[in-house]
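What follows is a set of notes on a single structure, which appears directly below.
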Amino acid sequence: MINKDEHHHIENDPSYKGLKVNKGVENAPTINPNANKRIIKRKRQLSVDEYVEGILNSNVTILSRAVTMVESALPEHQRIAQQIIERCLPYAGKSIRLGITGVPGAGKSTFIESLGMHIIGKGGKLAVLAIDPSSERSKGSILGDKTRMEKLSGEKDAYIRPSPSAGSLGGVARKTRETIILCEAAGFDTIFIETVGVGQSETAVHSMVDFFLLLMLAGAGDELQGIKRGIMEMADAITINKADGQNVKRASMAQAEYRSALHLFPPTKSGWTPEVKTCSALYHQDVDKIWDMVLEYIQLTKGNDYFNHNRRSQAKYWMIESINEQLKSNFYNHPHIKNALKENEQLVLNDEKSSFVAAKELLDDYFKQIINQ
């Protein structure tokens, strides 16, 4: 009779000749028995004083942690972030803020790295803040600037920080403006704000920079097609990148076309006449001339006081934007309104109530709730 003991291999029974199976090992435990001996070290939450001291001492690690607090949606983090910003505000405002946008493929990352290396070579300190588009479906972001700017990200006087928009452009733009304050307090004298693609984010970036640069590409079909008039009107300069090799002639032709187009626009409030330049960021050709042009613009606008006037106007604009953003958030997150909104949406879909009546009733209901609180 075969031994059916559960720990006995049937192949080792005498009735089976020529077979032998070694005893196996016991099943390894699914949980490491030494796990409880390990101490998981968590980052200690810094005080507001420690954050401010670290930022003013140009500690990039603490700066990054402070920016994370600014970007966080948690109320506790926001409370700490606002205190840090308020304390850093007296030390901010001393940088040149440059907005950079352009069509996909124009070589923004290469251009930023080339111009950034030039500025650092002149003894400057540069912070690059990128407003990156987020997928509406997955809420994921590209956030690839550090991999695309390897040389610049390795510099001790450079700081690169991509910011995912997560579908709320107004929110990320406000957070980017707050990040600018922290970077300036940390001693960065030049701030680049990069926006990906040509779209509505340009208006937000334009409202937080001193100089707005539109980066273009020559030889990609009709030079002016697909470029919104509003974006060209916002630009203080247009730079045609990749003006090298066989592309030099096409870049020169594109330069002439853009100059003709800019003449059709009304004069700027700053007193500056927008320029059109060509360069090759890849080969570092004429990139220094772009920076000289920016410095020339800053000198002019500081001389006629437009620089300070523009900064004050931007501060007022962002105060209004912050109020709008907060009101909108409070409205949609109000428990009573959440339920009422669903009911009214259904009534509108069923043609039982007009959109305008539903909106007015919801707002009246919201203000009534606020008054009664």
* To do: Please work out which residue is modelled with the lowest pLDDT, limiting yourself to region 340-366 and to residues that are among the hydroxyl-bearing types (Ser, Thr, Tyr) and in a helix (DSSP H, G or I).
  => Tyr366
* Restricting the first residue to region 96-113 and requiring it to be assigned by TED's automatic domain parsing to the domain that holds Leu295 and surrounded by fewer than 20 Cβ atoms within 10 Å (Cβ to Cβ), which pairs with a second residue that is part of a strand (DSSP E or B) and modelled with pLDDT under 90 meet a Cβ separation below 7 Å and a spacing of at least six or different chains? -> Val103/Met216; Val103/Leu217; Pro104/Gly197; Gly105/Leu217
* Asked: Looking at region 347-361, is at least one residue in contact (Cβ under 8 Å) with a residue 12 or more places away in the chain and farther than 26 Å from Ala254 by Cβ?
  -> yes
* Asked: If Ser58 satisfies every condition in (1) polar (S, T, N, Q); (2) farther than 21 Å from Glu202 by Cα; (3) in a helix (DSSP H, G or I) but one, which is the exception?
  -> (3)
* Could you please let me know if Ser322 is more than 30 Å from Lys175 (Cβ to Cβ) and small (Gly, Ala, Ser)? => no
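This table checks each residue for (1) assigned to a loop (DSSP other than H, G, I, E, B); (2) modelled with pLDDT of 90 or more; (3) in contact with a strand residue (DSSP E or B) (Cβ under 7 Å, 6 or more places away or on another chain); (4) in the same structural domain as Ala127 (by TED's automatic domain parsing).
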{"site": "Tyr159", "(1), (2), (3), (4)": "no, yes, yes, yes"}
{"site": "Leu182", "(1), (2), (3), (4)": "no, yes, no, yes"}
{"site": "Gly187", "(1), (2), (3), (4)": "yes, yes, no, yes"}
{"site": "Ile193", "(1), (2), (3), (4)": "no, yes, yes, yes"}
* **Considering residues of region 235-280 that are touching a Lys or Arg at 6+ places or on another chain (Cβ under 8 Å) and in a strand (DSSP E or B) only, the residue farthest from Leu215 (Cα to Cα)** => Ser280
* Of all residues in region 253-278 being hydrophobic (A, V, I, L, M, F, W, C) and out of contact with any Leu (no Cβ under 9 Å at 6 or more places or on another chain), the one that is surrounded by the fewest Cβ atoms within 10 Å (Cβ to Cβ) -> Leu264
* To do: Give the number of residues within region 61-78 that are touching a helix residue (DSSP H, G or I) at 6+ places or on another chain (Cβ under 6 Å) and in contact (Cβ under 8 Å) with a residue 60 or more places away in the chain.
  => 5
* From (1) under 30 Å from Gly107 (Cα atoms); (2) aliphatic (A, V, I, L, M); (3) in contact with a Leu (Cβ under 8 Å, 6 or more places away or on another chain); (4) in a helix (DSSP H, G or I), pick out the condition that doesn't hold for Ile337. => (1)
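The values are calculated or read from the model by the stated rules, or taken from the named source; none is laboratory data. This is a predicted model, so every value here is computed, not measured. Heads up, the Cβs are rebuilt from the backbone with ideal geometry, glycines too, and the neighbour counts pull from every protein chain shown.
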